[in-house]
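Below: one structure, written as structure tokens.
The values are calculated or read from the model by the stated rules, or taken from the named source; none is laboratory data. Keep in mind it's a predicted model, so treat the numbers as computed, not measured. Positions of Cβ are backbone-derived with ideal geometry, glycine not excepted, and every protein chain shown enters the neighbour counts. Heads up: the accessible areas ignore ligands, DNA and RNA and are worked out on the full protein's heavy atoms, side chains in. Shrake-Rupley method; radii C 1.70, N 1.55, O 1.52, S 1.80 Å.
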Amino acid sequence: MNYKTKPIITVFCMAAMFLFAVSCTLIGNLLPNVIGEFQITLSRAGVVTVAQNFGGILALIFCGFLSDRFGKLRVILVIFSMMMLALCGCFIIHRFTGFIIAAMVIGLAASSLNMLISAYLSDLYPEKSHFYINMGGVFFGIGSVTAPIYLLAAARFKIGWRIDFGILGVISLIVLAFFLILLFRAPHPGHEKSGLSESLRLQSIFQNLKHPKLWLFASIGFLYMAHSSSFMGWIPTYLSQRFPDQTTMNNNIMAVYWAGILGSRLMMTFLSGKIKPKQYLIFGNALGGIVMLGSTFLQGTMLLLAFLLLGLITGAIFQVCLALTCQSFPHISGTASSVVALSASAGGTFCCWLVGFVAEQLGFFAALSIQAVVLLLIVPITIFGIRNPTNT
């Protein structure tokens, strides 16, 4: 990799993290507008979420292997181009089926770009992988916060959901074109190469897929996303039932939680050389589990502070897990991180169902206890499983 192309690629990766975070956040925010225009039922509208998740699962199954086979940057560019086309395609969508397809492609891009960019940044900066992977998480967080602000500004002009998506597609096209121009103008950018032959590379992939440490990282991803996805999926409903007359406070609580996540990723980015990943995983998950349990007894300002603290101490766990995975499996970082991300997706999907089932049968206290327990389970796994993250 030419030293002059590395900053160009890094900036593009951060821009891609930001843009796909905005795009996948827009789907949930604009879905009510789509439902109203096409006059569809809520059950049929649920197909959008299914399609989004299905696209993400497809990406996680195939993109990791393809990135190790053909090069991460090539696959990143293909996936980013697909996302851009899906966003621009919203300009001409006139059937609900078209929106479902767009949501599936955006979901595919969101899952694969997060995983591929993290793995690629680890390849570009092996000595500072934690810094750059967490920096990518910061840009994702900024994108998630930017999406509702963008929609609030766009609502003043009443341009409609097609234009909301389409404008983001045009911005993505400009970013992609600008990046390719800079990359091709740079002197001899070079290509990703592996010192292994094709047969040896495939042998290395299949051998490392059996490595216990990879499945240890996959279990951490499974448990963390079981907490994170079910928290974001069910806490708004829990708050609305517990505090039915305090809608504004409930919205503020979730905003504070997201602010905590962004703060956590900023902290791990700029203190990556001082905070050891293993210690962060141990103390972050232990304290996070305790705070999660304690939050069920709190209200008002104390609940706000608890959710802020929860975001601050757990918000960078998945990025740290991905960084450790890429460090431990540098020759198959795309495939390895794909395994971890796929496991995380499975954990989030399963726990979202489990929390809803338990809440219906036993109440929300028991359901929220699950979100605490899965964090606490990461602690012994980290203590006894992670010894030397850079040595496989």
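Listing for the model above:
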| item | result |
| --- | --- |
| Subset of the stretch 60-73 [farther than 23 Å from Gly348 by Cβ and open to solvent by 80 Å² or more (accessible area, probe 1.4 Å)] | Arg69, Phe70 |
| Those residues of the stretch 327-342 which are open to solvent by 10 Å² or more (accessible area, probe 1.4 Å) and under 17 Å from Ala316 (Cα atoms), in sequence order | Gln327, Ala341 |
| Exclusive hit being free of Cβ contacts under 8 Å to residues at least 24 places away in the same chain and either open to solvent by less than 30 Å² (accessible area, probe 1.4 Å) or in a helix (DSSP H, G or I) (or both), set Ile27, Ile76, Ile57, Ile35 | Ile35 |
| Counted residues, the stretch 89-131 - those being within 17 Å of the chain's Cα centre (by Cα), hydroxyl-bearing (Ser, Thr, Tyr) and surrounded by fewer than 24 Cβ atoms within 10 Å (Cβ to Cβ) | 0 |
| Elements of type helices (runs of 4 or more DSSP H) in the stretch 211-300, at least 3 residues being among the aromatic types (Phe, Trp, Tyr) and open to solvent by 50 Å² or more (accessible area, probe 1.4 Å) | 212-242 |
| Those residues of the stretch 359-368 which are surrounded by fewer than 18 Cβ atoms within 10 Å (Cβ to Cβ) and part of a helix (DSSP H, G or I), in sequence order | Glu360, Gln361, Leu362, Phe365, Ala366 |
| Enumeration of residues in the stretch 38-48 that are in contact (Cβ under 8 Å) with a residue 12 or more places away in the chain and not basic (Lys, Arg) | Phe38, Ile40, Ala45, Val47, Val48 |
